[in-house]
Amino acid sequence: MADNLIPLLTNNGASIPSLGYGTMEYPEPDRASDLIAHSLKSGYRHIDTARKYGSEEWVGQGIRSSGVLRDDIWVTTKVTEDNASADDFARSVELSLNTMKLDYVNLLLIHWPSRTVPLEETLGALVKAKRDGYAKNIGVSNFTVDLIEKAVNICSEPLFTNQIEYHAYINQDKVINACHKHNIIISCHVPLCRGKVLDDPMLNKIGQLYEKSAAQVALRWLVQQKNVAIVPRALEYSEIEENMNIFDFHLTNSEMDNISKLREKNYRVVNPEVRRPVWD
Ligand SMILES: NC(=O)c1ccc[n+]([C@@H]2O[C@H](COP(=O)([O-])OP(=O)(O)OC[C@H]3O[C@@H](n4cnc5c(N)ncnc54)[C@H](OP(=O)(O)O)[C@@H]3O)[C@@H](O)[C@H]2O)c1
């Protein structure tokens, strides 16, 4: 990895930048690869995509046009629950790599647990993708405590991360503790609660003390926790850069605790009925 301002989190010998750029839903697709390239030119070295997002092609284009070396970038993609069977899983990984025009991803995730395919089969396919050289690291997403315990027991390779919804408006202590127990990094999706935390009076007040925005305080609160990485999405150059400038200030313990109290709202924004597990 090239030197940059973003701290790395290391697990099983691999280091992921604790800030990545999320690429879900681009309302103006013609700007997508440009925004991804801009994130890399600004110093991001971690891109989060998924087969489901439809952004893999732009991720590949953005990487190539950024001028940043492939080996200096951490790329995560995911296989949907529709492709949980072994054959479908392998085809999905191949399609992801072909679409991005990459030889490998740094991290391959099971996007959501499947309700129909046994976890053993999907985890077997995930491990195979790693052993075949298509993924340097493997992990899961939207897994609960129960699913993490099952996965750790079944999987013959270490799980690098569990990508879950986590922000200042949701308490995820149970699943986070399970991940800590098994040395699994937490990757936070929707770290800004899709923008809902931006008007929060406390986050804005704390931000004024440090000349930071509510978004920066919300993101700082996350990365200041143990083994936590974040993948915010932004569609403006200025916001992409703003979200990176969170490593030059430090929240006090009392500010951390006060923000943690906001989690009592327990506001879950990613909760699709068709694929959600029974949450903790
Ligand atoms: N594993 C999963 O199941 C899963 C599920 C959901 C998401 N994800 C990943 O997580 C990423 C982030 O989630 P998300 O995009 O849904 O939500 P998010 O990052 O919590 O919030 C994005 C929203 O915040 C706004 N925003 C970002 N930075 C800002 C700033 N500095 N100031 C003001 N507004 C700002 C964005 O505005 P604009 O974009 O309009 O500029 C957008 O409306 C996704 O892109 C995806 O990679 C994974």
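Numerical summary
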| quantity | calculated |
| --- | --- |
| Distance in nm between pseudo-label sites at residue 257 and residue 177 (7 Å out along the Cβ direction from Cα) | 1.9 nm |
| Cα-Cα over 30 Å, subset of 130/261; 130/226; 52/261; 52/128 | 130/261; 52/261 |
| Beta bridges by DSSP in the chain, antiparallel share as percent, to the nearest 5 | 15 percent |
| CD proxy at 222 nm, helix term only [per DSSP H run n ≥ 4: -39500 (n - 2.57); per residue of the chain; nearest 500] | -11500 deg cm²/dmol |
| Placed amide H near residue 190: partners under 5 Å, 5+ positions off or other chain | none |
| Rg followed by Dmax, in Å, when segment 1-153 is reduced to its Cα trace | 15.3, 44 |
| Environment charge of residue 52, counting only residues whose C-beta is closer than 13 Å and scoring Lys/Arg +1, Asp/Glu -1 | -2 |
| Hz values of 3J(HN,Hα) by residue in segment 116-127 - Karplus curve (6.51, -1.76, 1.60), Gly and Pro given as x | 10, 8, x, 4, 4, 5, 5, 5, x, 5, 5, 4 |
| Full-stretch length increase - residue 150, residue 266 - with 0.36 nm per residue and alpha-carbon distance subtracted | 39.2 nm |
| Using alpha carbons only: equivalent-ellipsoid semi-axes of segment 1-63, gyration tensor based, whole Å | 23, 13, 8 |
| In sequence order, calculated HN-Hα J values of segment 151-157 (Karplus, 6.51, -1.76, 1.60; Hz; x Gly/Pro) | 4, 4, 5, 7, 6, 8, 10 |
| Segment 104-173: Rg to Rh, with Rh as the Kirkwood radius over Cα pairs | 0.99 |
| Cα-based Rg of segment 57-110 normalised by 2.2 N^0.38 Å, two decimals | 1.18 |
| Contact order normalised by residue count of the chain, Cα under 8 Å, 6+ apart, percent | 18 percent |
| Ascending count of other beta-carbon atoms within 10 Å, so fewest first, for 26, 21 | 26, 21 |
| Loop trypsin sites (Lys or Arg not before Pro), segment 70-119, which have at most 14 other Cβ atoms in a 10 Å radius of their Cβ (DSSP) | 101, 115 |
| Scattering profile of the chain at q = 0.08, 0.09, 0.15 Å⁻¹ [log10 I(q)/I(0), Debye over alpha-carbon scatterers] | -0.30, -0.39, -1.14 |
| Principal axes of segment 101-260: Cα extent on each, largest first, Å | 50, 37, 26 |
| Gaussian network model of the chain, Cα within-10 Å springs - most flexible of 243, 142, 204 | 204 |
| 5 angstrom amide H check on residue 138, placed H, neighbours 5+ away | 108, 160 |
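Each value in this text was obtained by applying a stated rule to the coordinates, not by laboratory testing. All of these numbers come straight from a predicted model, not from anything done at the bench. Heads up, the Cβs are rebuilt from the backbone with ideal geometry, glycines too, and the neighbour counts pull from every protein chain shown.
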